[in-house]
Each structure stands twice: as structure tokens, then as C-alpha cells.
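Values in this text are rule-based calculations from the coordinates and carry no lab data. It should be emphasised that the depicted structure is a prediction, and the values quoted were computed from it without experimental measurement. For neighbour counting, all protein chains shown are included, and Cβ atoms are generated from backbone atoms with ideal geometry for every residue, glycine included.
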Amino acid sequence: MAWHFGGKKKDMPDGLWIRCDECGKTVYKKDVESSLRVCPECGFHFSLDSAQRIAITLDPASFSELFADLAPQDPLGFVDREPYTDRLKRYADSTGLKDAMVVGTGAIQGWKVAFGTMDTRFMMGSLGSVMGEKIYRLAEVAANQRVPLILVCGSGGARMQEGVVSLMQMVKTSAAIALCQEAGVGSISLLTNPTTGGTTASFATEADVIIAEPGALIGFTGPRVIEETIKQKLPEGFQKSEFLLEHGLVDMIVPRSEIRQVLGELVQYLRAEDAPPRSEKAQDGEGEKSGPAEVIGSPDKTPGDNSEEHKNQEGGAETSA
Ligand SMILES: [Zn+2]
């Protein structure tokens with residue numbers, strides 16, 4: 001696209017165009033949203049919030065949120081540029097979430113699953129006590145209900161404001177994956193851009209099947225720090241999905257447009273012998289397009305809206321470390 005705006009910002013209607021992080025081109029926002037937030041120029045996968053991710057992945061109206069009342073506390077009384085409690089409130093106000101992960105049960109092509117997705121809008125999807133607790137409880141749901149566990153990852157790593165409590169979540173989430181494996185239910189992680197730090201170093205890369213979105217940054221530490229440490233230049237494309245597929249960390253790369261189909265096949269393959277049957281209702285509607293684009297265009301819709309089940313869980317805000 002050969003658009004030049006000549007620096008006159010007032011000529012460009014607000015919010016109609018966005019700049020692609022990858023190719024640098026200015027693209028029509030509607031085109032991006034109608035293609036599941038993928039750049040029409042280069043195929044870059046823009047981030048999705050938790051509601052959008054649920055909408056494009058699960059069968060329509062199948063998601064029931066769990067443990068939505070879990071909220072972080074501030075065990076260290078941590079203050080950096082601002083108190084942790086203020087920061088939490090700021091992100092809660094802007095996202096409508098209590099923390100950086102939404103979990104629950106849902107269906108993919110009629111197969112019931114335990115599903116969790118991180119939301120990078122909330123403190124870069126950092127791994128703290130609430131995320132660790134939600135992942136562990138979701139693994140228990142998967143094991144008890146005999147359904148596969150699917151975790152969509154997008155994270156800047158451990159939540160520094162929770163210090164050692166955050167680091168403990170690496171152990172806890174690893175135990176969650178192990179719980180599924182011992183129970184004989186499958187686990188799948190979908191790594192999106194970016195998945196880094198303690199998230200990569202724990203549950204994100206321990207699932208039975210590890211899928212990545214195209215071009216996602218996946219790693220532990222940033223390339224600059226690694227180069228300074230090992231005093232070597234890193235190869236081209238290091239820490240991108242394609243490089244990691246070639247080197248065996250990732251099992252497959254799946255474009256967003258195919259993810260529901262691929263997950264449906266995997267879930268069918270991975271399901272436990274005593275898994276619940278495929279729901280008839282979803283089978284009937286299988287052929288119809290679930291219209292992710294229309295949900296993508298409705299960012300106001302929060303995943304908590306259709307939640308019934310979480311009301312049965314322990315009420316009130318709590319910490320989970
Ligand atoms: Zn692009």
C-alpha cells in the first residue's frame with residue numbers, strides 16, 4: 001500500500017488505520033479485524049484479548065468462565081514507579097479483568113475442553129499467583145471431567161512485583177501439567193506473540209502438544225541479553241516460531257484461521273478413554289461459521305459476562321499463593 005500521510009495526522013480518521021508491527025505498513029483496521037486480526041500485507045498475527053481468543057477458538061456460546069473471582073494481593077507491599085496495588089487497579093479498570101488470565105470450560109467442534117487464555121493487556125500477561133492458581137485449578141477440572149487442557153499463552157514472563165511468589169508459580173503450573181499427564185488427559189499449549197520468561201520456562205513448553213502462531217517471539221530471555229552473555233551473534237530468526245519448529249521446541253505452527261479445526265482434531269485424538277461424548281448440539285451446528293469477525297468487532301464483550309459456574313466457586317477476592 002503506497003499511502004503517505006505527509007505527517008498531517010488530522011487527515012487520517014482516528015482508529016481507521018493501524019500500523020503493522022512486523023512489516024511497518026499502514027493497514028486498514030477493518031481488513032485486519034475481518035481476517036482474525038492478521039496483517040493482510042505480511043500475515044503478522046496481532047495480539048488478541050481473552051474475549052477475542054475465546055471467540056475464535058471455542059464453539060459459539062460454549063464458554064463458561066471459572067474462578068473469575070480470584071484476584072491478586074500484594075504480599076510484598078511492592079512499590080516501583082507506583083505501588084503494585086495501584087497498578088493492579090489501573091489494569092483492572094482498563095481491561096475489566098481481575099488478573100491476566102481467563103479460564104473455564106468450553107467446546108471445540110463439540111468436544112468438551114478445559115480452556116485458559118492469557119490476556120497480554122493486563123501487565124503483559126505476567127505469571128503471578130492468580131494465574132498459577134487458575135492454571136492449577138483448571139488442570140484439576142480437566143482431570144476430573146476427563147477432558148483435555150488447552151492453554152493459550154502470551155506473556156512477558158514472571159510478575160516481578162510478586163517476587164518469589166511469582167517464581168513459585170513455575171513449579172505450580174508444571175505440577176498442573178503433570179497432574180493432567182498422570183490423569184491421562186491430554187494437554188495442549190498454544191504459544192502466541194510474545195511468550196517469554198517464566199511462562200516459556202514452565203507450563204507453556206511442557207504440554208503434550210506445543211503449537212505456535214506464525215512469527216511469534218518465543219524464548220526465555222531477550223536476544224540482546226543472550227548475545228551479551230555468550231558473546232556470540234545469534235542466528236537469523238532466533239526465538240521465532242519457525243526457528244523453534246525447525247529445532248524441535250514446537251510441534252507445529254498453525255495460522256489463526258485454522259486453529260479451531262486443528263484443535264478439534266487434536267482434542268479428538270488426545271481425549272481420554274472415559275471422556276464425555278461429543279455434544280450433539282455442536283455437531284449439528286458444526287458446518288456453520290461461528291462468525292469470529294463479528295465478535296472481534298465487539299471488544300466490549302467481556303468473557304465474564306456469560307459466566308454462571310464461577311458463582312459457585314469461592315466468593316470474594318483472594319490471593320492464591
Ligand atoms: Zn504486516
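Quick notes on this structure:
- Using θ = phi - 60° and Karplus 6.51 cos²θ - 1.76 cosθ + 1.60, couplings along the stretch 219-229 (whole Hz; Gly, Pro as x): x, 9, 10, x, x, 5, 5, 5, 4, 5, 6
- The 3J(HN,Hα) values that the Karplus relation (6.51, -1.76, 1.60; θ = phi - 60°) gives for the stretch 139-156 are, in residue order, 5, 5, 4, 4, 5, 5, 8, 6, 10, x, 9, 10, 10, 9, 9, x, 7, x Hz. Gly and Pro appear as x.
- When each of Thr57, Thr205 is scored by the number of other beta-carbon atoms lying within 10 Å, the sequence from fewest to most is Thr205, Thr57.
- Placed amide H near Lys240: partners under 5 Å, 5+ positions off or other chain: Ile218
- Under 5 Å between amide hydrogens, built in the peptide plane, is the criterion, and for Gly184 it picks out nothing among residues at least 5 positions away or on other chains.
- Cα gyration tensor shape for the stretch 41-118, rounded if a/c is under 1.5, else prolate or oblate: oblate
- Remark on Ala212: its backbone amide H falls under 5 Å from those of Leu191, Met252, Ile253, Val254, a criterion applied only to residues 5 or more positions apart or on other chains, H modelled at 1.01 Å from N.
- Figure legend: label point modelled 7 angstrom from the Cα of Ala178 along Cα→Cβ; residues of the stretch 206-220 with amide N under 17 Å from it are 206-208.
- Karplus 3J(HN,Hα) series, Hz, for the stretch 42-50 with 6.51 cos²θ - 1.76 cosθ + 1.60 (x for Gly, Pro): 10, x, 4, 8, 5, 6, 10, 7, 4
- Ranked list, fewest to most other Cβ atoms within 10 Å of each Cβ, for Tyr28, Tyr84, Tyr136: Tyr28, Tyr136, Tyr84
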